[in-house]
1. Any idea which of (1) closer than 16 Å to residue 291 by Cβ; (2) assigned to a strand (DSSP E or B) is the one residue 347 doesn't satisfy?
2. Residue 395 passes all but one of (1) in a strand (DSSP E or B); (2) over 33 Å from the mean Cα position of the chain (by Cα); which number fails?
3. Test of understanding: among 310, 318, which residue is surrounded by fewer than 19 Cβ atoms within 10 Å (Cβ to Cβ) and in contact with a strand residue (DSSP E or B) (Cβ under 6 Å, 6 or more places away or on another chain)?
4. Of the residues that make up the range 24-32, is at least one surrounded by 20 or more Cβ atoms within 10 Å (Cβ to Cβ) and either modelled with pLDDT of 75 or more or in the same structural domain as residue 166 (by TED's automatic domain parsing) (or both)?
5. What are the residues in the range 380-401 that are surrounded by fewer than 19 Cβ atoms within 10 Å (Cβ to Cβ) and either farther than 24 Å from residue 284 by Cβ or touching a helix residue (DSSP H, G or I) at 6+ places or on another chain (Cβ under 8 Å) (or both), if any?
6. Give the residues of the range 172-193 that are without any contact (Cβ under 8 Å) to a residue 24 or more places away in the chain and in a helix (DSSP H, G or I), sorted by residue number.
7. Can you name the number of the only condition in (1) assigned by TED's automatic domain parsing to the domain that holds residue 151; (2) in contact with a helix residue (DSSP H, G or I) (Cβ under 6 Å, 6 or more places away or on another chain) that residue 189 fails?
């Protein structure tokens with residue numbers, strides 16, 4: 001059909017039609033702009049009027065419902081329920097809207113409908129970790145423990161990033177490590193290691209030992225540093241026998257040598273054949289300014305290596321590393337023996353070994369002879385008797401800060417062949 005524009009009436013009609021269409025779209029645009037402006041207001045009445053301008057916009061009604069929930073002055077949970085119901089009417093496939101409705105029902109005390117709303121959310125989005133997580137926490141709040149833990153487990157399975165929250169939330173719900181292991185955590189190395197770190201951080205060594213045994217039962221490789229948080233807590237709690245056992249198991253799981261020293265010493269790697277693990281019951285070094293560390297040749301006719309420390313002369317160091325925590329027994333005598341060598345140590349405060357009880361100040365303190373200047377390999381040895389409460393000793397290379405004007409530490413020191421052996425009838429104490 002051909003339309004001619006020759007007549008004035010035809011042109012006028014087309015102009016009117018075009019203006020009408022333009023005005024309609026302008027009206028719609030203005031209405032939507034006003035609705036959006038009001039919906040994003042911070043006043044309840046404005047949001048209500050904005051939502052009314054868009055009756056089919058589920059997002060607007062959901063926003064209105066959440067605003068009512070967060071309005072602690074004029075909020076109304078029952079009206080929030082209606083808003084979320086309107087949102088779901090517009091978009092019944094939004095798991096997010098269903099969860100918000102569940103929260104509103106819970107706020108009104110309607111637990112049955114809240115649970116039903118969570119189940120609708122799961123039906124809409126069965127693989128949502130957020131839905132499982134929120135539903136699980138709802139069930140825990142209602143003390144429906146088994147069902148709640150099952151939902152938390154599902155959430156963690158879908159989203160492993162929820163694991164730390166799942167551990168802390170479950171523990172604080174009942175302080176039962178068996179619930180964590182059997183009802184919440186997946187049986188894998190990462191989950192158990194995260195749990196160990198959490199339990200160590202809240203000083204729950206007993207529960208940590210249970211998780212450690214479950215971890216070891218997996219017979220999977222575990223990097224040695226991942227045992228340090230548990231071992232540090234065992235040291236703090238003076239649990240020497242447990243620490244010795246965990247240390248050997250940690251070495252085995254890391255694929256490292258874990259046999260007891262052949263000379264009966266309780267010092268791990270006293271000949272420095274391996275690198276410093278910097279944790280557990282192994283050697284530690286804290287990288288102080290003005291000192292560097294490396295391995296060197298052992299003393300003549302000795303095996304293994306020595307540790308060499310070079311001092312740059314720029315600092316008056318208060319040195320207390322390298323050090324090692326050693327599991328011992330109370331009321332026992334041990335013989336300490338090591339070799340120490342110095343070259344060009346200039347100050348009156350030089351190099352020596354110090355042995356102390358880390359958990360009981362003033363118990364079993366011991367210092368060997370202070371070496372300054374130049375000394376060839378020299379035996380540093382003494383007997384140390386533990387106190388009635390002593391379960392750990394710390395063996396360290398020690399240098400006290402000098403009090404003299406010319407106090408900058410320079411030169412070099414070496415240590416080698418460090419051992420701590422039970423004496424006489426005390427021999428056969430705990431081994432690492």
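The values are calculated or read from the model by the stated rules, or taken from the named source; none is laboratory data. As the structure is a prediction and not an experimental result, all values here were calculated from the model. With ideal geometry, Cβ positions are generated from the backbone for all residues, glycine too; neighbour counts draw on all protein chains shown.
1. (2)
2. Just one mismatch for residue 395, condition (2).
3. Result: 310 is the single residue among 310, 318 that is surrounded by fewer than 19 Cβ atoms within 10 Å (Cβ to Cβ) and in contact with a strand residue (DSSP E or B) (Cβ under 6 Å, 6 or more places away or on another chain).
4. For the range 24-32, residues surrounded by 20 or more Cβ atoms within 10 Å (Cβ to Cβ) and either modelled with pLDDT of 75 or more or in the same structural domain as residue 166 (by TED's automatic domain parsing) (or both): absent.
5. Once the filter is applied, which keeps residues that are surrounded by fewer than 19 Cβ atoms within 10 Å (Cβ to Cβ) and either farther than 24 Å from residue 284 by Cβ or touching a helix residue (DSSP H, G or I) at 6+ places or on another chain (Cβ under 8 Å) (or both), the range 380-401 yields 383, 385, 388.
6. Residues satisfying the conditions are 172, 182.
7. Of the numbered conditions (1) assigned by TED's automatic domain parsing to the domain that holds residue 151; (2) in contact with a helix residue (DSSP H, G or I) (Cβ under 6 Å, 6 or more places away or on another chain), the odd one out for residue 189 is (2).
Every residue, every condition in (1) touching a residue at least 40 places away in the same chain (Cβ under 8 Å); (2) under 25 Å from residue 416 (Cα atoms); (3) in contact with a strand residue (DSSP E or B) (Cβ under 6 Å, 6 or more places away or on another chain), yes or no:
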{"position": "227", "(1), (2), (3)": "yes, no, no"}
{"position": "242", "(1), (2), (3)": "no, no, no"}
{"position": "270", "(1), (2), (3)": "yes, yes, yes"}
{"position": "274", "(1), (2), (3)": "no, yes, no"}
